[in-house]
Structures are given as C-alpha cells and as structure tokens.
Amino acid sequence: MKRYALKETGKRIASGLAIGDEIAAGKVCLIKNADAIDRFEEGTILVTEMTDPDWVPIMKKAKGIVTDYGGRTSHAAIVSRELGIAAVVGCGDATESLKNGQEVTISCAEGDQGHVYEGILDFETSEVRLEDIPDTQTEIVMNMASPAAAFRWWRLPVKGIGLARMEFIINDMIKIHPLALVHYDRLEDKTVKKTIREMTRGYENKEDYFVDHLARGLGKIAASQYPQAVIVRMSDFKTNEYADLIGGRQFEPQESNPMLGFRGAARYYSDSYRPGFAMECRAIKRVRETLGLVNVVVMISFCRTPEEADRVYEVMAENGLIRGQTGLEVYVMAEIPSNIILADQFADRFDGFSIGSNDLTQLVLGVDRDTSEIVHLFDERNEAVKQQIRQLIQAAHRAGKKVGICGQAPSDYPEFAAFLIQEGIDSISLNPDSVVATLKRVAEEEEQLG
C-alpha cells in the first residue's frame, strides 16, 4: 500500500474532483480534441476537455490527467482508476489556465478535491506492508470525514470507523445551511436565494438535495468498512461554523463563546434547528434501510444531561430512527464532565461511549485550546483528565457498555496510549495516517502487559 503526501505547496492553478490518491508532476501536454492525439508526448500530464475510448492508448502513457469536464463516473475517471494514474476531472477551465509545456504538480492526496499546482513540487511516497502489521486485542478504528478518503484507506487493517464526521460532507458537498433549504421561500438575501436555486436544480423539494447528498456521502464511508461498525456523529458545527454555510447567517445567533453555546444535542431537539436534524435522521435512515448499510451506528454529540438524550430520542423516533429497531445502536460522545459524573445514567440510555479528548480536556482544565497564550496548558495527559477517563471506562464496563476514544493523543504520546490500554479501553480511533505506527505501539504495550 502506497501513501502520497506533498512536502511543500505552491500556487494553485486549477481544481476539480480527485480521482485516486496519487501525486504526479511533469510537463503539460495540452490537447483539446481527438484530432491532435498524435501530438501526445509519453510521460507528460495530459490536459484536455474530456476523454472517450479513443483516448485510452495515450492515457496509458500519461503521468497524470486533467480535464475540464466530467465527474466521478466519467470516462477519464474510470480509466484513471483502472490505470492507477492521478487525475483531476471537472476543473472547468484547465485547458485555458494551463499552458502547453508548463511544469505542474497534480495532487489527489488532499481529499475529495484534486488540485493542479504551478511547478514541480516535492512530495514523498511511502510503502506500507500490511502483512507486517500485528493484530491487537484493543480495537484500532479510524476517524474519517471524506468519502473519497474512506475508499483510499479501506485496506488498512482496522476494525471499522470510530468517528465519521458528518460536517465534512455538509461543508464540502452540500454547502448550504439546512434551514436555508427548509425555509427557502423565507430567504431574505436574493443572491443567496439564486445560488441555492441553481445548486438545487432538479430537486422539486429542496430538502431532498440535503438528504440525497448526505446519504450518498455517508453511504460511501459506511460501504468502505462494511460489515464492520461505522459510527456516524450527528452534526457538531458551532454557530459560527453553521453561519458560514450558504444562507446560514439568517438562521444563526451570534455567540461570544460558540464552543459552549448552541451546539450538539441542544440543537437537535430545539424548535429552531429541529427541521435540520430531521433531515440528518432521514439521511441515516436511507443509508441503513434503503442502501442496506446497517453497520451505521449513530452518535450524539455534546449531550449535556441525560434528559437531553431523552429529548433527542423523541425527535429521532419522529423521523423513523428508533434505538434497537433494525439493530440500530446509538452512542454518545463523552466530552463533557457531566457525561462522566453521571455515566451510569448515560449508560442506561446509550449503547456505548466515545471519548472526545479535545473537548473533555478543555472542560476539565478550563483551557481554550484556540487561545495561544494558554495553549501550553492543554494536555490530555494531565492527571485530572486521565482520572476522568479512568472513571468513565470503569463505569461503562460496569454497565456492560463499550468505550472508545477518538483523537490524536494516543498516536502523539506513546505513554498516553499505554495508559488507555492499561485501563482496558475497548477501542482507539485514529487518523488514517497514524494507524500503522500506533498499531505497532499498541501491540508492544499489550505484549508487555501480558
């Protein structure tokens, strides 16, 4: 398994959909139509408007491919995948912005979006031998946001996805505030209204645009690990982040401290956001029941009290999601001290816990991790944080519930990973690029513990 990563960045010339996860660099060979195919030079970056079967012989000789038109199921995308060639498709104006003979780097290693950079940039390629990776008793799972990345990393020997972030799909694929679709006729900004009208063309009901795109994105993530569990966290934008979505400013309050404000569970059952949460539920229901991906587990974020959990369940049930029916499990993010202090009550309501170490550390230590003057105080290894984690693991296991953690601390700090294993945590969810190293570290720690 090869991994690619840029070691530097340059001026971005064009962007489109990334096909594959490779990086390629070379000179542009600009060919606008099939009549000029004979001019192609082997080992160059083919730049054209679009391809068809007549182009395959030269596509096999290309270092990379860039097109003006096409999507993920276009001819260029399909052939590029089969050939293992980096391709950026649907750029719109690549044949105008790129010049014949120009040196460029095309990167498909940065998520769903592929980019064409000016010049030959330095990048690295690393090889992972999967057969050399040991098995562990502690389940190692992945954090995932991008559907494209899910298919890029599916070969890693993990036991599923411990945190699928819905926000990435909303922000990068849907881009429109949920309530701007629900209340489209009430939009005050005419420019915003026009933009949404154009983006949702073909959808008679604008809410279906949200549900369709969200279900499709989550479905891809769930399919990449089926039948292993994929834990999907319901939206956890803060108000300032929601406001940045198209049409969002009309529906979001201005808060002095969004981190502690109108977020997570409190939004889901609120009168104002309830219709937005309903669309999230409809998307989950479609993924599980229409697509058949019953490995999807729902996770509720920032649930401050057990009573909030009850209110969220009421809204979920109104939209056809009932815990226990069709095997639906519901987890809670353990990221607030109350989740741990009242762990027994939360365990009565949820099937498992996932420790959100970033927010938990902030709230236990009273540290805003975004404030540079005190960022040195933010440390998951602090004894106060570790005591909270220890207490939760013990309470969860008493109730027969699983508990995992999602965050970078176990991969950044070997001693923290050791602590988690010693305390008997059930799973550790990591960013994909740290899975291999952490798996080896966990195996070593488990061997030492006997």
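Of all the helices (runs of 4 or more DSSP H) wholly in region 25-124, which have at least 2 residues that are more than 30 Å from the chain's Cα centre (by Cα)?
Per the criteria, 56-59, 94-97.
Show the residue pairs that are 6+ apart or on different chains and have beta-carbon atoms under 6 Å apart, the first residue being within region 44-62 and open to solvent by 20 Å² or more (accessible area, probe 1.4 Å), the second being polar (S, T, N, Q).
Sorted first by the residue in region 44-62, then by its partner, the pairs are Glu49/Thr95; Met50/Thr67.
Among the candidates Glu207, Glu241, single out the residue that is in a helix (DSSP H, G or I) and either small (Gly, Ala, Ser) or in contact with a Leu (Cβ under 8 Å, 6 or more places away or on another chain) (or both). Working first, answer last.
On the way: Glu241 fails: either small (Gly, Ala, Ser) or in contact with a Leu (Cβ under 8 Å, 6 or more places away or on another chain) (or both).
None of the others qualify; the one that does is Glu207.
Within the group Ser372, Ser338, which residue is more than 25 Å from Ile161 (Cβ to Cβ), among the small types (Gly, Ala, Ser) and in contact (Cβ under 8 Å) with a residue 24 or more places away in the chain? If you could, list the steps in order and put the result at the bottom.
Values: Ser372 fails: in contact (Cβ under 8 Å) with a residue 24 or more places away in the chain.
Of Ser372, Ser338, the one residue that is more than 25 Å from Ile161 (Cβ to Cβ), among the small types (Gly, Ala, Ser) and in contact (Cβ under 8 Å) with a residue 24 or more places away in the chain is Ser338.
Can you name every residue in region 111-138 that is acidic (Asp, Glu) and either in contact with a strand residue (DSSP E or B) (Cβ under 7 Å, 6 or more places away or on another chain) or modelled with pLDDT of 85 or more (or both)?
Of all residues in region 111-138, those acidic (Asp, Glu) come to 112, 118, 122, 124, 127, 131-132, 135.
Selection gives Asp112, Glu118, Asp122, Glu124, Glu127, Asp135.
Among what's in region 188-215 and is within 15 Å of Gln250 (Cα to Cα) and in contact with a helix residue (DSSP H, G or I) (Cβ under 9 Å, 6 or more places away or on another chain), pick the residue that is least open to solvent (accessible area, probe 1.4 Å).
Of everything passing the filter in region 188-215, Ile196 is least open to solvent (accessible area, probe 1.4 Å).
Test of understanding: among Gln325, Gln362, which residue is touching a residue at least 60 places away in the same chain (Cβ under 8 Å), over 22 Å from Lys220 (Cβ atoms) and not acidic (Asp, Glu)?
Residue meeting the stated conditions: Gln362.
Scan region 180-200 for residues that are assigned to a loop (DSSP other than H, G, I, E, B) and within 26 Å of the chain's Cα centre (by Cα) and report the count. Before you say what the answer is, go through the steps one by one.
From region 180-200, those assigned to a loop (DSSP other than H, G, I, E, B) are 183, 187-189, 200; that's our starting set.
From the residues that got through so far, the ones that are within 26 Å of the chain's Cα centre (by Cα) too are 200.
Number of matching residues: 1.
For region 370-385, what are the residues that are within 13 Å of Glu415 (Cβ to Cβ) and exposed (fewer than 13 other Cβ atoms within 10 Å of the Cβ)?
Glu383
Here's a check for you: in region 422-435, which residue that is surrounded by fewer than 22 Cβ atoms within 10 Å (Cβ to Cβ) and assigned to a helix (DSSP H, G or I) is modelled with the highest pLDDT?
Gln422
Answer yes or no: is there a residue in region 301-324 that is open to solvent by 10 Å² or more (accessible area, probe 1.4 Å) and touching a Gly at 6+ places or on another chain (Cβ under 7 Å).
no
Every residue in region 220-235 that is within 12 Å of the chain's Cα centre (by Cα) and part of a helix (DSSP H, G or I), please.
Lys220, Ile221, Ala222
Return the residues of region 270-292 that are crowded, with 18+ Cβ neighbours inside 10 Å and part of a loop (DSSP other than H, G, I, E, B); say none if nothing qualifies.
Restricting attention to region 270-292, the residues satisfying the condition of being crowded, with 18+ Cβ neighbours inside 10 Å are 273, 276-288.
Across region 270-292, the qualifying residue is only Tyr273.
The values are calculated or read from the model by the stated rules, or taken from the named source; none is laboratory data. All values reported here derive from a predicted model rather than from experimental measurement. Backbone-built Cβ (ideal geometry, glycine too); neighbour counts: all protein chains shown. Side chains included, ligands, DNA and RNA excluded: accessible areas come from the protein's heavy atoms. Shrake-Rupley method; radii C 1.70, N 1.55, O 1.52, S 1.80 Å.
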